[in-house]
Ligand code: NAD
Ligand code: G6P
Ligand code: MN
C-alpha cells in the first residue's frame, strides 16, 4: 500500500480523447487527495493528441507547474514509471463509430455504440488494442493498475478475462454513477449519501436497492418518480448526458420500468427492450457519432486551439469534468486501501447466485489495494436471468470469434442478440460490417453457406 504522502505518475491512454482535458482538470481539482508528480498522454494519433496536449501543457504551466507533463506516441516512453494507466481509447475513432451506428440502421436494426451489432463491431476492434495496452503496461511498469473505461466495456472485460486473466485491470462505467446522481436529486440527497445494490452486466443491469447511510430505502419513492418522468430531472446534473438524445434516453426509462416495476433499470436496456422504437426514432443519416462530432468534439478541440493560439488558458479554461471524479475514487481505493464501495465489471463467481461463474457482471464491489471484492447480490428473477444469460452468451461468442477468427461464431453472436430479428438479417448486417472493418478486425475464416 502506498502512503498518503506519495505522489503518483499517471499515463492517460487515448490522450487525444474528447474527455482527456476535462479529466486532467478534474485531477487538478482532486490534487489534495490524489497528488500527481507526473502526467503523460499516450495516443496512436499524434496530430489529434498534440492539440489536446499543447493546450493542457499551457494550463498546467499556469496552474500546476510541479507536475511533469509530457505526451508521446511511443509505448515505452508512455508506460515506463507509471502507477496508473487511465484508459479511454476509441478503436477506429468516430469514423468507425459512425459505421457501427449507420450500417445496422440501414437494415432497420439498432445502431448503437455499445449495444447490438454496433457494439459487437466495436468490440471486435477494441479487444486487440486493449490487450496491447495491458502488455505495454506489464512490460514497462509491472506494478501499474489500469483503470479502463474504453468501450465496449463488457466485451473488453470478457476478452481480458479470457486472454489476460491475471492483469491488473479494473473495468468501470460512468452510467450508473450518472444515473445515481439523478436518483440523489430525485430524493433530495447528495450522490455520496446513497448506497446501492445492483446486478447485471455493463450497460445491462438493474438497481434493487437505493438506501441512505442510515439504511432508509428510497427505491419506492424513486420508482414512483421514474414511472412518470424516467430519470429526467429539472436541474443540470452532469456535463456528459445532457444533449437532446440523452434526455430522450433518460425519459424512456419509464417504459423500461414498466416491464418490471420491481427494479430500477439502466437506461441502456432500451436498446434490448424497445429496439423497434429505437430504430423508428433514429435518423440513419445523422446518428450520435455525428451529434458528438458537431458538439462535444468540436467544443473541446476549438477550446484547445484557442488556448494554444493565445498561449494562455485565460481565454477560457477547459471545463472540469467533475462527473469523472469516480476515477479518482477508484485510484484512491487502490492506492490507499480505502475499501470504497463501487460498481465494477468483475467475474461473477457467485456474486449473482443463479448465473454462471464465468460471466463478467456489474455489481457493487469493495475496492482495496488488491483490487475488487464483489458483494453477493443473491438470486435474480427469471426475466432478468434470461436476459443476462442471453447477452452474456452473445458477448462470449464475440470473444470466441475474435480469438478463433471464426465467421460462424460471430454470425451466431449477432443472431443471438435481442436486437436482431433473424439469422438472415444478422448475416446481412455482419457482411456489411466485415467490409467496413477490414482494416481493424482479424480476417474471419468463412464457411460460406448460402442462406436459402
Ligand atoms: P475519442 O475518439 O475522442 O478519443 C479516443 C482517443 O483514443 C483518440 O484520440 C484515438 O486516437 C485514441 N486511440 C484509438 N486507438 C488507440 C490505441 N490503440 N492506443 C492509444 N490510443 C488510441 O473518443 P471519446 O468519445 O473521447 O471516447 C473515448 C473512449 O471512452 C471510448 O471508448 C468511449 O466509448 C469511452 N467512454 C466510456 C465511458 C464509460 O463509462 N465506460 C464513458 C465515456 C466514454
Ligand atoms: C455513457 C456510457 C459510456 C458511453 C457514453 C457515450 O457515459 O456509460 O460508456 O461511452 O455514454 O456518450 P456519447 O456522448 O459519446 O454518446
Ligand atoms: Mn459506460
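The values are calculated or read from the model by the stated rules, or taken from the named source; none is laboratory data. Note that the structure is a prediction, hence the values are computed from the model and not measured. Here the Cβ positions follow ideal geometry from the backbone for every residue, glycine too, while neighbour counts run over all protein chains shown.
Couple of notes before you dig in:
- Residue that is farthest from residue 441 (Cα to Cα), among those in segment 101-114 that are within 19 Å of the chain's Cα centre (by Cα) and away from ligand 2 (no atom under 12 Å from the Cβ): 110
- Note on segment 136-177: residues that are within 12 Å of ligand 1 (Cβ to nearest atom), closer than 16 Å to residue 200 by Cβ and assigned to a helix (DSSP H, G or I) total 7.
- Any pair with Cβ under 8 angstrom, 6 or more apart, that starts in segment 23-43 at a residue that is within 16 Å of ligand 3 (Cβ to nearest atom) and ends at one that is assigned to a helix (DSSP H, G or I) and modelled with pLDDT of 95 or more: 23/327
- Any hit, segment 243-255, residues being away from ligand 1 (no atom under 16 Å from the Cβ), under 26 Å from residue 391 (Cβ atoms) and surrounded by 20 or more Cβ atoms within 10 Å (Cβ to Cβ): yes
- Residue count for segment 29-55, restricted to those that are part of a helix (DSSP H, G or I) and in contact with a helix residue (DSSP H, G or I) (Cβ under 6 Å, 6 or more places away or on another chain): 4.
- Within segment 395-452, the set of residues being farther than 24 Å from residue 360 by Cβ, in contact with a helix residue (DSSP H, G or I) (Cβ under 7 Å, 6 or more places away or on another chain) and not in a helix (DSSP H, G or I) comprises 445, 446, 447, 451.
This table checks each residue for (1) over 19 Å from residue 323 (Cβ atoms); (2) more than 14 Å from ligand 3 (Cβ to nearest atom).
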{"residue": "161", "(1), (2)": "yes, yes"}
{"residue": "167", "(1), (2)": "yes, yes"}
{"residue": "173", "(1), (2)": "no, no"}
{"residue": "177", "(1), (2)": "no, no"}
{"residue": "183", "(1), (2)": "no, yes"}
{"residue": "187", "(1), (2)": "yes, yes"}
{"residue": "192", "(1), (2)": "no, yes"}
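- Residue in segment 4-19 that is surrounded by the fewest Cβ atoms within 10 Å (Cβ to Cβ), counting only those that are at negative phi and within 16 Å of ligand 3 (Cβ to nearest atom): 18
- All positions within segment 411-425 that are in contact (Cβ under 8 Å) with a residue 40 or more places away in the chain, surrounded by 17 or more Cβ atoms within 10 Å (Cβ to Cβ) and farther than 13 Å from residue 119 by Cβ: 425
- Some residue of segment 69-76 being in a helix (DSSP H, G or I) and either at pLDDT below 95 or more than 29 Å from residue 428 (Cβ to Cβ) (or both): yes
- Of the residues making up segment 246-290, just one is within 18 Å of the chain's Cα centre (by Cα), touching a residue at least 12 places away in the same chain (Cβ under 8 Å) and over 22 Å from residue 420 (Cα atoms), namely 250.
- Matching option when the condition is away from ligand 2 (no atom under 16 Å from the Cβ) and either out of contact with any helix residue (DSSP H, G or I) (no Cβ under 6 Å at 6 or more places or on another chain) or over 25 Å from residue 376 (Cα atoms) (or both), among 229, 281: 229
- Residues located in segment 178-198, provided they are under 24 Å from residue 246 (Cβ atoms) and part of a strand (DSSP E or B): 194, 196, 198
- Selection status of residue 137, crowded, with 24+ Cβ neighbours inside 10 Å, more than 16 Å from ligand 2 (Cβ to nearest atom) and farther than 30 Å from residue 335 by Cα: no
- Taken residue by residue, segment 262-276 has at least one member that is over 27 Å from residue 354 (Cβ atoms) and either modelled with pLDDT of 95 or more or buried (at least 19 other Cβ atoms within 10 Å of the Cβ) (or both).
- Any chance residue 97 is within 14 Å of ligand 1 (Cβ to nearest atom), modelled with pLDDT under 95 and not in a strand (DSSP E or B): no
- Going through (1) surrounded by 14 or more Cβ atoms within 10 Å (Cβ to Cβ); (2) over 26 Å from residue 166 (Cα atoms) one by one, residue 340 falls short only on (2).
- Selection from segment 115-125 of residues that are part of a helix (DSSP H, G or I) and either within 12 Å of ligand 2 (Cβ to nearest atom) or on the phi > 0 side of the Ramachandran plot (or both): 116, 118, 119, 122
- Residue satisfying all of: in segment 40-58; buried (at least 21 other Cβ atoms within 10 Å of the Cβ) and more than 22 Å from the chain's Cα centre (by Cα); farthest from residue 132 (Cα to Cα) among these: 55
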